[in-house]
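Student: One structure, as structure tokens, below. Some questions next.
The values are calculated or read from the model by the stated rules, or taken from the named source; none is laboratory data. Quick caveat: nothing in here was measured; it's all calculated off a predicted structure. Cβ placement follows ideal geometry from the backbone for every residue including glycine, while neighbour counts extend to all protein chains displayed.
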Amino acid sequence: MESIDSEIASRIRQDIILGAYESGERLSEAQLCETHKVSRTPVRLALRLLEREGIIRRGEGRGYLVQSPTVEDILQAVEVRGHLESLAARLMAQRPNRHEFLPVMDAAIKSGEGAIEKLIEIGAQDSSVLREAHAANKIFHGSILAGCGNDYVGYTCEQISHLPMLAVGSMVFDRSVDDTPEHFERGLFRMRLGIAQHVVIFEAIEKGDPVRAEGMMREHSHTMVEYIQIFEKQGGDLTVADLIAFSAAEPSAVAAQ
Ligand SMILES: [Zn+2]
């Protein structure tokens, strides 16, 4: 269960990320208490949390100013996470006890493959199958962070995980075009490529090949940046809201916020 202050923090964070405030706008504590129907204490705790995340900053005198993350911020964070995840894959491939984590990773790969099969059967994008694929992806990536033996890698990933696309195991779904058969095929291709990369990473870790594990994870993470760039070309100026839509398994998740 989330505490009331982290619940308030995630609501304010969502508003900031979705552009409900201008960057540089002053946040009024009294207003936030009224909007979220809570007392000052949880609002203050929430604001402190958001300050640590860097999406608000202290203004002159009292109060906080909004510091909305930009597309560039998110791309930079994706790059950092890619390096951290490749480091994790390399470290894990060197660990004698890495085999403990392999069955869970193997199951996650199979579940991802199962999701692709289901999509082929349905013949269209399906939210519940995409959710399954997303969950399997999270387990795969989470196991590597947990199994790498260096807690600071996971800890550091966690520090940037509040940004869109930066949660562990985030996937990219292209929502910028209509659900045409061609678009569906491209989506399937991306999922197959992702799973094929997971298989290579898995085998490299299993065999104890740190160089291959690291290199393939680097490429796997970079795939996300490439997709973002491809989507950007399709739709003109890319916004943070687009990035949220790309990383949401459910199209309605964005509208519902
Ligand atoms: Zn992946």
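Student: With the checklist (1) closer than 30 Å to Ser68 by Cβ; (2) assigned to a helix (DSSP H, G or I) in hand, flag the one item Ser128 doesn't pass.
Tutor: Answer for Ser128: the failing condition is (1).
Student: Give me a count of the residues in the stretch 113-131 that are of a type in the set (A, V, I, L, M), closer than 14 Å to Arg190 by Cα and surrounded by 13 or more Cβ atoms within 10 Å (Cβ to Cβ).
Tutor: Matching residues across the stretch 113-131 total 4.
Student: Something else: Looking at Val153, Val172, Val200, Val177, which one is closer than 22 Å to His83 by Cβ, among the aliphatic types (A, V, I, L, M) and modelled with pLDDT under 85?
Tutor: Val172
Student: Please state which one of Val172, Val168 is more than 18 Å from Met105 (Cβ to Cβ), outside the structural domain of Arg13 (by TED's automatic domain parsing) and within 12 Å of the ligand (Cβ to nearest atom). Talk me through it step by step, then tell me what you get.
Tutor: On the way: Val168 fails: more than 18 Å from Met105 (Cβ to Cβ).
Being more than 18 Å from Met105 (Cβ to Cβ), outside the structural domain of Arg13 (by TED's automatic domain parsing) and within 12 Å of the ligand (Cβ to nearest atom) holds for just one of Val172, Val168, which is Val172.
Student: If you go through the stretch 138-165, how many residues are of a type outside the set (A, V, I, L, M), closer than 20 Å to Val225 by Cα and crowded, with 20+ Cβ neighbours inside 10 Å?
Tutor: Adding up the residues that qualify gives 5.
Student: If the Cβ limit is 8 Å and pairs must be 6+ apart or interchain, which residue in the stretch 216-227 that is in the same structural domain as Leu193 (by TED's automatic domain parsing) pairs with which residue that is at pLDDT below 90 and outside any helix (DSSP H, G or I)?
Tutor: Note: pairs meeting the criteria are Met224/Met165; Met224/Ser170; Met224/Val172; Tyr227/Val172; Tyr227/Asp174.
Student: Filter the stretch 104-161 down to the residues that are hydroxyl-bearing (Ser, Thr, Tyr) and within 16 Å of the chain's Cα centre (by Cα) and list them by number.
Tutor: Ser143, Tyr155, Thr156, Ser161
Student: Does the stretch 177-195 contain any residue that is over 22 Å from Leu75 (Cβ atoms), polar (S, T, N, Q), without any contact (Cβ under 8 Å) to a residue 12 or more places away in the chain and not in a helix (DSSP H, G or I)?
Tutor: Yes, that holds for at least one residue.
Student: Looking for whichever is touching a Ser or Thr at 6+ places or on another chain (Cβ under 6 Å), surrounded by 15 or more Cβ atoms within 10 Å (Cβ to Cβ) and either at pLDDT 95 or above or not assigned by TED's automatic domain parsing to the domain that holds Pro164 (or both) here; the options are Glu53, Glu85. Which one fits?
Tutor: Going through Glu53, Glu85 in turn, the sole match is Glu85.
Student: Taking Ala108 as the residue in question, decide whether it is assigned to a helix (DSSP H, G or I) and within 12 Å of the ligand (Cβ to nearest atom).
Tutor: It is true that Ala108 is assigned to a helix (DSSP H, G or I) and within 12 Å of the ligand (Cβ to nearest atom).
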